[in-house]
1. Show me the helices of the chain, taken as full DSSP H stretches, that run 30 Å or more along their long axis by Cα and average 1.0 or above in Kyte-Doolittle hydropathy.
2. According to the square roots a ≥ b ≥ c of the eigenvalues of the Cα gyration tensor, what is the shape class of segment 241-326, taking rounded for a/c under 1.5, prolate for a/b larger than b/c otherwise, and oblate for the remainder?
3. Please give the contour-minus-distance gain from Lys324 to Ala312: 0.36 nm per residue of separation, less the Cα-Cα distance, rounded to one decimal in nm.
4. Select from Glu65, Glu199, Glu227 the residue whose mean-square fluctuation is largest in a Gaussian network model of the chain (Cα-Cα springs shorter than 10 Å).
5. Please compute the net charge surrounding Gln62, taking Lys and Arg as +1 and Asp and Glu as -1 over other residues with Cβ under 12 Å from its Cβ.
6. For a protection proxy built on the mean count of beta-carbon atoms within 10 angstrom, sort 128-134, 143-149 highest first, please.
7. As an exercise, use a Förster radius of 41 Å and the Cβ-Cβ distance of Asn222 and Lys84 to find the FRET efficiency, rounded to the nearest 0.05.
8. Given a Förster distance of 25 Å, report the FRET efficiency between Thr104 and Val31 from their Cβ-Cβ distance, rounded to the nearest 0.05.
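Throughout, read-outs are computed from the coordinates displayed, never taken from laboratory work. This one's a predicted model, so the numbers in the text were calculated from it and none came from an experiment. Please note: Cβ atoms are built from the backbone with ideal geometry, for glycine as well, and neighbour counts cover all protein chains shown.
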Amino acid sequence: MKFKLMSKLTVMIILLGFAVSVNGQTATEAVDALKDGVAKSQAKDYLGAIESFKQCIDIYDQLDEPENENRATAITQIPGMQYKHAIGFYKEKKYDESIAAFETLIEYSETYNNPKNLKKAKSTIPKLYYAKGVDLLKKKEYAGAIEALDKSLELDPRYPMSYVRKAQVYKDQNDEANFKLSIDGAINASVAKNDTKSEGTAKQLASSFYLKAGVNAVKSKNYTEAEKNFKNLMEYKEVDSDIYYQLAVIYNKQSKWESAIEAGNKAVELFANAGTTKDAKIYYELGNSYFGKGDNTAACDAYSKANKGDYAEAAKYQMEHVVKCK
């Protein structure tokens, strides 16, 4: 009986000694994994560092030591390593890889309770889709650009420059309807964020688009389209004398005399170059408007004011040979 008791004690001691040895060795491996993670981090091997930190955590989990300080240290390092990995792709303009890496960062930040990096990831991903869209726009890969910009807006509907870039795509494609929708989206988002710079960029882009479209429509004698474009222009650009002058020309071409007179007089009212001969073209159009309406007295008055500079000869001819002003 004594022999058996001694044997059992011996076995227990041996087993206990073995367990201590294993546990000691495993704890050492956990520390080594932590150190390895730090070394790989310093060497900018961020994915390798993450794997080492994960190994450290796993070992402590196996040891049932959830409160171990080294384990806590490893946990804090993983999101930061993933962020550096993700931002590296962005700097290389590898947008798809960077997006995927930031999505992984979201997972790590949620798993390891890291709200700071979670916020970074969620705010960065829409910007990455924006950057991808801009890159594809420059390459004239329009379908891909729209897809990326739409994804950016899906994730952050209040990012005005994504709307602006969409507008640039539609401008290149001469898609006026979608261009206007995108510009209006950019302006609304800018106002919501009090982003006057983006709002100004959107309005400038729209002004350029509609001015060019209006002028081209006049040249091609598509006056209905020209009128529409100049009226759209007035939504995005501070209304000036030139816009009303163009409308006066357009209405005269369509024999809309009353509208032409109204636009012409508004152009005169807003004219800001007093003392020059640059208003002669406005008065010449007004002369045409009044003559078309049958008001020769007003036509003569307008032509007389247009009788200067580049319009002197044409105005004089109208007064002497067409209207026959007294």
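1. Values: long enough: 2-42 (60 Å, 0.52); 69-91 (34 Å, -0.53); 115-138 (35 Å, -0.60); 196-219 (34 Å, -0.25).
Flagged H segments: there are none.
2. Numbers: a/c = 1.94, a/b = 1.10, b/c = 1.76.
Judged from the Cα gyration tensor, segment 241-326 comes out oblate (a/c at least 1.5, b/c at or above a/b).
3. Details: separation 12, 0.36 × 12 = 4.32 nm, distance 1.57 nm.
Full extension of this stretch gives 2.7 nm more.
4. Per the Cα network of the chain with a 10 Å cutoff, Glu65 tops the list.
5. Numbers: positive: Arg71; negative: Glu29, Asp58, Asp61, Asp64, Glu65.
After counting each charged neighbour, the total is -4.
6. Going from most to least packed, we get 128-134, 143-149.
7. Working: r = 56 Å, r/R0 = 1.38.
The computed FRET efficiency comes out at 0.15.
8. Numbers: r = 26 Å, r/R0 = 1.05.
Efficiency at R0 = 25 Å is approximately 0.40.
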